[in-house]
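Asker: Structure below; questions to follow.
The values are calculated or read from the model by the stated rules, or taken from the named source; none is laboratory data. Please read all numbers here as calculations on a predicted model, not as lab measurements. In this analysis, Cβ positions are derived from the backbone assuming ideal geometry, glycine residues included, and neighbour counts consider all displayed protein chains.
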Amino acid sequence: MAKTKTAYFCQNCGTQHSKWMGQCGTCKEWNTIVEEVIAKEEKADWKLENAPKKANLPLKVKDIQVQNEIRYNAVSNELNNVLGGGIVPGSIILLGGEPGIGKSTLMLQVALSMKYKVLYVSGEESQTQIKLRAERVQNLNEDCLILTETNTQKIFKAIQIEQPEILVIDSIQTLHTDYVESSAGSISQIKETTTELIKFAKETNTPVLVIGHINKEGSIAGPKILEHMVDVVLQFEGDRNHSYRILRALKNRFGSTQELGIFEMRSGGLREVKNPSEILISKKDGDLSGTAIAATLEGMRPLMIEVQALVSTAVYGTPQRSATGYNLKRLNMILAVLEKRAGFRLGAKDVFLNITGGIAVDDPAIDLAVVVAVLSSNEDEPIPQNYSFAAEVGLAGEIRPVNRVEQRISEAEKLGFEKIFVSKFCKVSQKESNIEVIKISTIEDLVGLLF
Ligand code: TYD
Ligand code: MG
């Protein structure tokens, strides 16, 4: 009788344990330890005697046949771009994001606008609810089928009858399979149902779009391995109090992860935003102190973003510092640089910083605009509206170059800015343009020019 050997593995961090425990001792996650078969009686052997009779043979790379890849057009250009040119047949795409951000809306809109037979399976909303939402977002695809079901075996039954070309699942956490005991949303259910969906996708060459919930750290709820199993991981993000949403690829086996899509949530669903820069900059009548425009890059896309700062005398003993959409530690660093290298007394001041539009920026090129906004508010000296900034600020108060500076300059020029401040060390080719490129090397240079 062949005896199988089992061990207990944490599904979160992969640590092996000798017995079952409620909490993994390594990563401190609860309920993640699962028993798995690790070895059959016969020993694994790489020698030929035990090799299986049939196996794939390696091919020379030049001999591998490439079929012309067809991709399903996701209609939405923003989504097509993020996916690297459409949906690849047989691929499995996972879409994550905060609750209420618009994941179901996006998927339903995609399902309704595609010219294919789509099966939209929801475990979260009733058919009537989905119908009401479909009416809001319009462009009805007559061939879009809606199913409310959470059992994968029943879903596959429906698939056999209807033979859809594309499958949408809302959401993976609501699914359960008959072959696993635990409740829907548990690690083993998520892993097993995903495995079934992947098998289905690969065997029938049907693309599957799956919505996933995220946990409080912001990654997709369930085992980390889920992200490894799927072909594409998309993240839908934005501030729920603002209408802008950014769709980015965290992983893409069929394209770059540099592209990003920008949408606006309206009463009639999500709309693509073609010129985000124009919307992100607020229109003002006069010059106000404390604002500066940064030429940033989000992925491959240039984006002009407005930075607002408010510097005021601290009422309490310890001054407050707060930043929305910008790293607070980085703000503190910039304030320290201004204090030490440029002699501005900000130690006893409250500093509030805000990136407008509810967008979080981690492009270091925004640093210079942060410096300018803070100084402008501190000195109560408005910055002309047609000035823009793109540079990183170093600890010595030096202005450092940033990547793709020409792309930033041309975006600023396109939007009618007259001056852009960049680092002296940027390589900018001299060509005829309507924008004046001002090169600076330290914060003192900046102060000398603006304040
Ligand atoms: P939803 O897609 O249900 O979010 P998720 O699936 O990520 O949890 O979107 C929910 C929000 O979107 C909801 O609060 C209302 C808003 N919304 C609109 O503003 N306009 C619309 O046309 C739709 C359908 C939703
Ligand atoms: Mg939803």
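Asker: Quick check on the stretch 405-416. Is at least one of its residues over 29 Å from the mean Cα position of the chain (by Cα), farther than 23 Å from residue 427 by Cβ and touching a residue at least 24 places away in the same chain (Cβ under 8 Å)?
Answerer: Scanning the stretch 405-416, I find at least one residue that is over 29 Å from the mean Cα position of the chain (by Cα), farther than 23 Å from residue 427 by Cβ and touching a residue at least 24 places away in the same chain (Cβ under 8 Å), so the answer is yes.
Asker: What residue, among those in the stretch 99-124 that are near ligand 1 (Cβ under 8 Å from one of its atoms) and more than 12 Å from residue 209 (Cβ to Cβ), is surrounded by the most Cβ atoms within 10 Å (Cβ to Cβ)?
Answerer: By that ranking, first place goes to 102.
Asker: How many residues are in a loop (DSSP other than H, G, I, E, B) and either surrounded by 18 or more Cβ atoms within 10 Å (Cβ to Cβ) or in contact with a Lys or Arg (Cβ under 6 Å, 6 or more places away or on another chain) (or both) if we restrict to the stretch 416-451?
Answerer: Residues that pass the stated criteria total 5.
Asker: Is one or more of the residues making up the stretch 274-286 more than 16 Å from ligand 2 (Cβ to nearest atom), crowded, with 17+ Cβ neighbours inside 10 Å and modelled with pLDDT of 85 or more?
Answerer: No - not one qualifying residue is present in the stretch 274-286.
Asker: Oh, and also: Residue 246 is checked against (1) closer than 28 Å to residue 117 by Cβ; (2) in contact (Cβ under 8 Å) with a residue 60 or more places away in the chain; (3) of a type in the set (Val, Ile, Thr) and fails just one. What number does that condition carry?
Answerer: Just one mismatch for residue 246, condition (1).
Asker: Quick one: how many residues across the stretch 109-132 are in contact (Cβ under 8 Å) with a residue 40 or more places away in the chain and either farther than 27 Å from residue 273 by Cβ or within 14 Å of ligand 2 (Cβ to nearest atom) (or both)? Lay out the reasoning, then the answer.
Answerer: Here is the first cut: in the stretch 109-132, the residues in contact (Cβ under 8 Å) with a residue 40 or more places away in the chain are 109-111, 114-125.
Narrowing the set further to residues that are either farther than 27 Å from residue 273 by Cβ or within 14 Å of ligand 2 (Cβ to nearest atom) (or both) leaves 109-111, 117, 119-125.
Residues flagged as in contact (Cβ under 8 Å) with a residue 40 or more places away in the chain and either farther than 27 Å from residue 273 by Cβ or within 14 Å of ligand 2 (Cβ to nearest atom) (or both) within the stretch 109-132 amount to 11.
Asker: Still on this structure: Taking the stretch 75-105 as the search range and keeping residues that are of a type outside the set (Gly, Ala, Ser), part of a loop (DSSP other than H, G, I, E, B) and away from ligand 2 (no atom under 16 Å from the Cβ), which one is farthest from residue 272 (Cα to Cα)?
Answerer: Taking the stretch 75-105 first, the residues of a type outside the set (Gly, Ala, Ser) are 75, 77-83, 87-89, 92-95, 98-99, 101, 103, 105.
Those left that are additionally part of a loop (DSSP other than H, G, I, E, B): 75, 88-89, 98-99, 101.
This time we only want the ones that are away from ligand 2 (no atom under 16 Å from the Cβ), so: 75, 88-89.
Values: 75: 11, 88: 22, 89: 24 Å.
Selected residue: 89.
Asker: Here's another thing I want to ask about it. Exactly one condition in (1) closer than 27 Å to residue 278 by Cα; (2) touching a helix residue (DSSP H, G or I) at 6+ places or on another chain (Cβ under 8 Å); (3) buried (at least 22 other Cβ atoms within 10 Å of the Cβ) is not met by residue 335; state its number.
Answerer: The single condition residue 335 does not satisfy is (1).
Asker: For the stretch 188-228, give me each residue that is out of contact with any Leu (no Cβ under 9 Å at 6 or more places or on another chain) and among the hydrophobic types (A, V, I, L, M, F, W, C).
Answerer: Answer for the stretch 188-228, where residues must be out of contact with any Leu (no Cβ under 9 Å at 6 or more places or on another chain) and among the hydrophobic types (A, V, I, L, M, F, W, C): 198, 214, 221, 225.
Asker: Please indicate, with yes or no, whether at least one residue in the stretch 398-415 is buried (at least 18 other Cβ atoms within 10 Å of the Cβ) and out of contact with any strand residue (DSSP E or B) (no Cβ under 9 Å at 6 or more places or on another chain).
Answerer: Within the stretch 398-415 (the criterion being buried (at least 18 other Cβ atoms within 10 Å of the Cβ) and out of contact with any strand residue (DSSP E or B) (no Cβ under 9 Å at 6 or more places or on another chain)), the answer is no, since none of the residues qualifies.
Asker: Go through the stretch 257-294 residue by residue and tally those that are acidic (Asp, Glu) and within 16 Å of ligand 1 (Cβ to nearest atom).
Answerer: 2
Asker: Could you list all residues from the stretch 366-397 that are out of contact with any Phe, Trp or Tyr (no Cβ under 8 Å at 6 or more places or on another chain), part of a loop (DSSP other than H, G, I, E, B) and surrounded by fewer than 22 Cβ atoms within 10 Å (Cβ to Cβ)?
Answerer: 380, 382, 384, 385, 394, 395, 396, 397
Asker: Return the residue satisfying two criteria in turn: it lies in the stretch 170-183 and is touching a Gly at 6+ places or on another chain (Cβ under 8 Å) and of a type in the set (A, V, I, L, M), and of such residues it is surrounded by the fewest Cβ atoms within 10 Å (Cβ to Cβ).
Answerer: Restricting to residues being touching a Gly at 6+ places or on another chain (Cβ under 8 Å) and of a type in the set (A, V, I, L, M), the top hit is 175.
Asker: Moving on to the next point. Taking the stated definitions as given, is residue 137 within 15 Å of ligand 2 (Cβ to nearest atom) and not aromatic (Phe, Trp, Tyr)?
Answerer: Spelling it out, residue 137 is indeed within 15 Å of ligand 2 (Cβ to nearest atom) and not aromatic (Phe, Trp, Tyr).
Asker: Looking at the stretch 184-221, which of its residues are part of a loop (DSSP other than H, G, I, E, B) and either surrounded by fewer than 19 Cβ atoms within 10 Å (Cβ to Cβ) or within 16 Å of ligand 1 (Cβ to nearest atom) (or both)?
Answerer: 184, 185, 205, 215, 216, 217, 218, 219, 221
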